[in-house]
1. Grab the beta carbon distance between ASP73 and ASP112, set R0 = 41 Å, and tell me the FRET efficiency rounded to 0.05.
2. What net charge do the residues around GLY53 carry, taking every other residue with its C-beta under 11 Å from that of GLY53, with Lys and Arg at +1 and Asp and Glu at -1?
3. How large is the charge dipole for the chain, taken about the Cα centre, if only the Cβ atoms of Lys, Arg (+1) and Asp, Glu (-1) carry charge, to the nearest 20 debye?
4. For LYS37, list the lysines whose Cα falls under 18 Å from its own Cα; do not include residues on the same chain fewer than 8 positions away.
5. With angles folded into 0 to 90 degrees, how steeply does helix 93-103 sit against the dominant principal axis of the chain? Use alpha carbons for both and round to 10.
6. Of the listed values (1) 12.5; (2) 8.4; (3) 10.5, identify the label whose number matches mean projected area of the Cα convex hull in nm² calculated from this model.
7. If you fit an axis through the alpha-carbon atoms of helix 27-37 and take the longest principal axis of the Cα set of the chain, what angle between them do you get, 0 to 90°, nearest 10?
8. If the chain between ASP16 and MET97 were fully stretched, how many nm would it gain, using 0.36 nm times the residue separation less the Cα-Cα distance?
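Each value in this text was obtained by applying a stated rule to the coordinates, not by laboratory testing. Predicted model only: the values in this text are computed from it and were never measured. FYI the Cβ positions are ideal-geometry reconstructions off the backbone, even for glycines, and counts take in every protein chain you see.
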Amino acid sequence: MEIQGTVRDILRKKGDQVWTASLEQTVYEAVRLMGEKDIGALIVLDANGSVVGVVSERDYSRKVVLCGRTSRDTRVAEILGRPPITVRQEDGIGICMQLMTRHRIRHLPVVDNHGGLVGLVSIGDLVSWVMEAQEHTILQLQGFIHGGYPV
C-alpha cells in the first residue's frame with residue numbers, strides 16, 4: 001500500500017516552526033531548549049544558516065552521559081553525526097519512512113533547493129499521517145459497503 005502525500009502536506013498541517021542550535025552551543029544549552037519546548041531534537045545550523053545535522057536527546061544520552069562527559073563542557077559540534085539526512089517538500093511520505101528506517105533516525109530536516117531549512121518531519125508526524133490516511137480509507141470502505149459513495 002502506497003501512502004499518499006508529501007512532506008509539504010505534513011508541513012501545511014503541523015506548521016513550519018523549527019527550533020535550532022548552533023555548532024558552538026553547549027549540549028547543556030541544547031538540552032535545556034529541548035526541555036523548554038518539549039521536543040526531542042534540534043536542527044543544527046552552521047554560521048551560514050545551513051543545516052549540518054540534528055542533535056537529539058538520544059545523542060545526549062549516548063554521546064555525553066554514557067561517555068562520561070558533561071553537557072556544560074561539550075559542544076554540540078562534538079556529538080553531531082554528519083552528514084545530515086534531509087528531505088525536500090516534494091518528497092513523498094514513503095521516502096521519509098524509508099530514510100528513517102534505513103538510517104535509524106527519528107527526525108528529518110526539510111530543506112529547499114539551496115539547502116535552507118524550511119521545516120522538520122518527525123517519526124511522530126509520519127505515524128499521525130499514516131493513521132489519518134488509514135482512517136479515511138476505512139470510512140470510504142464502510143460507506144461503500146453500506147451503499148454510499150466514497151467521499
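1. In this case the efficiency is close to 0.70.
2. On the way: positive: ARG82; negative: ASP46, ASP59.
Net charge around GLY53: -1.
3. Numbers: 17 positive and 18 negative charges, 86 e Å.
Roughly 420 debye, rounded to the nearest 20.
4. LYS14
5. Once rounded, the angle reads 40 degrees.
6. (3)
7. Roughly 40 degrees, rounded to the nearest 10.
8. Numbers: separation 81, 0.36 × 81 = 29.16 nm, distance 1.92 nm.
Here the answer is 27.2 nm.
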